[in-house]
Amino acid sequence: QRRPGGAAVLTLAEVFEVLHEAHRVLRPGGAAVLTTEYALGDGGYLLPGVNAWDAEVLEGVRRSFGGFEWLGPCDLSFDTTHPANAPRVRRHLPAGRQQPHARRFAEAFRGGHVGVLLGVSVCVPIAFVLRKTEGRNLTWSEAEVGDELRAYTDGVGRFLADREAEALAVLEPLDGALAARPERRQMALHAGRYMIDAHARLGAQRQPKVFRQRIEAYLERCPTGELQDADCLDLCAYLLGEMGFHDASAEVSRRCLRSPSASADHVYDLAGRFLRYEKRAGRLRPAIDEVAGYLADLLWTGYPGDEVRRRVAEAIDPELGRRERARLRAAVGAAWREVASDLAGRWR
């Protein structure tokens with residue numbers, strides 16, 4: 001399913017519509033294969049187009065679709081000790097792309113091809129085979145998915161339909177309940193992100209100090225350490241910068257850049273914003289050196305130099321003057337040479 005503009009959107013409620021349609025078109029006894037993602041850790045990762053379920057979501061879907069027989073045993077165990085299952089930093093290419101001279105070995109045993117760090121979760125692929133029966137399928141309004149999951153999904157759906165006030169009316173009462181459940185931390189972060197976005201669309205920036213307090217209260221609930229949901233924090237960094245809080249925006253952008261959940265595409269955009277606000281704060285030179293490290297990391301993990309240079313020109317160069325661009329390129333080269341020298345030293 002696609003919304004206007006061509007963007008694919010599938011909330012959990014829309015997944016129910018897909019399953020109902022699959023049941024309608026199948027012959028009696030016909031089979032369908034359902035593939036999605038499964039989230040290990042702090043609850044499902046349920047954003048439009050992602051839908052990484054956890055055990056609670058899966059069980060709710062199964063109870064709601066009596067018109068399908070779920071074939072075979074459902075084993076949700078995941079062996080993280082197998083090297084190929086090791087979670088991979090989202091911005092890094094799989095090992096087989098990194099090591100062309102040892103591709104078959106790398107693809108089989110290194111790099112974590114299955115698990116990807118996404119938000120504060122580890123997401124892995126999962127698939128089911130469904131056979132049509134004569135049982136009854138519940139609609140979304142009847143679905144046995146629990147009040148919190150229903151409220152979250154409905155709130156996100158209203159936000160996507162540009163009904164921000166209605167989205168807040170659903171999500172804000174849910175906020176406290178999710179905060180009290182550590183196993184729902186990922187959903188709480190997403191719900192909080194949509195609430196901040198809804199307030200922004202309704203003009204909360206007109207009271208910047210009050211809105212900053214709301215954003216900072218959200219940031220205080222984020223986990224400590226490097227594991228952050230960069231997609232959620234990115235919005236906070238943007239809004240803080242737009243309201244003139246450049247130091248706060250730069251620091252949140254740094255948290256995003258350091259998070260293993262930031263994709264490579266995201267790194268370029270985050271780096272450009274980080275440099276913009278560090279420049280306004282008079283800290284551009286050390287910021288360039290820091291960004292150079294993130295770019296050198298992409299090179300080290302297999303991204304072609306031409307691709308990195310192109311993306312830097314698109315997302316980062318507009319924030320810099322000619323001399324600053326030259327300094328960034330020199331700093332990336334120096335960081336890369338340091339990595340290469342260290343690797344060569346290990347070989348010797």
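The values are calculated or read from the model by the stated rules, or taken from the named source; none is laboratory data. Given the structure is predicted, the values throughout are model-derived calculations rather than measurements. Heads up, the Cβs are rebuilt from the backbone with ideal geometry, glycines too, and the neighbour counts pull from every protein chain shown. Accessible surface areas use protein heavy atoms only, side chains included; no ligands, DNA or RNA. Shrake-Rupley method; radii C 1.70, N 1.55, O 1.52, S 1.80 Å.
Points to keep in mind about this one:
- Rounded to the nearest 0.05, the FRET efficiency derived from the C-beta distance between Arg131 and Ala169 at R0 = 35 Å is 0.30.
- In degrees, nearest ten, helix 147-160 long axis to first principal axis of the chain (Cα): 60 degrees
- Against the chain, whose longest principal axis comes from its Cα atoms, helix 12-25 is set at around 50 degrees.
- Sorted from greatest to least, the principal axis extents spanned by the alpha carbons of the chain come out as 70, 57, 37 Å.
- Counting only Cβ charges, +1 for Lys and Arg and -1 for Asp and Glu, the dipole size of the chain around its Cα centre is about 1400 debye.
- Extension gain (nm, one decimal) between Glu21 and Arg329, 0.36 nm per residue minus Cα-Cα: 105.6 nm
- Annotation: region 131-268 has a Kirkwood hydrodynamic radius of 16.3 angstrom, from the mean reciprocal C-alpha pair distance.
- When the solvent-accessible area of the chain is split by element, carbon and sulfur atoms take up 52 percent of it, the probe being 1.4 Å.
- The residues neighbouring Met243, those whose beta-carbon lies less than 15 Å from its own, together hold a net charge of +3 under the Lys/Arg +1, Asp/Glu -1 convention.
- P(r) histogram, all alpha-carbon pairs of region 199-327 included - 5 Å bins from 0, percent: 2, 11, 21, 21, 20, 14, 7, 4, 1
- Each helix, a run of at least 4 DSSP H residues, gives -39500 (n - 2.57); summed and divided by the residues of the chain, these come to -17500 deg cm²/dmol at 222 nm.
- Compactness index (Cα Rg / 2.2 N^0.38 Å), region 193-263: 1.04
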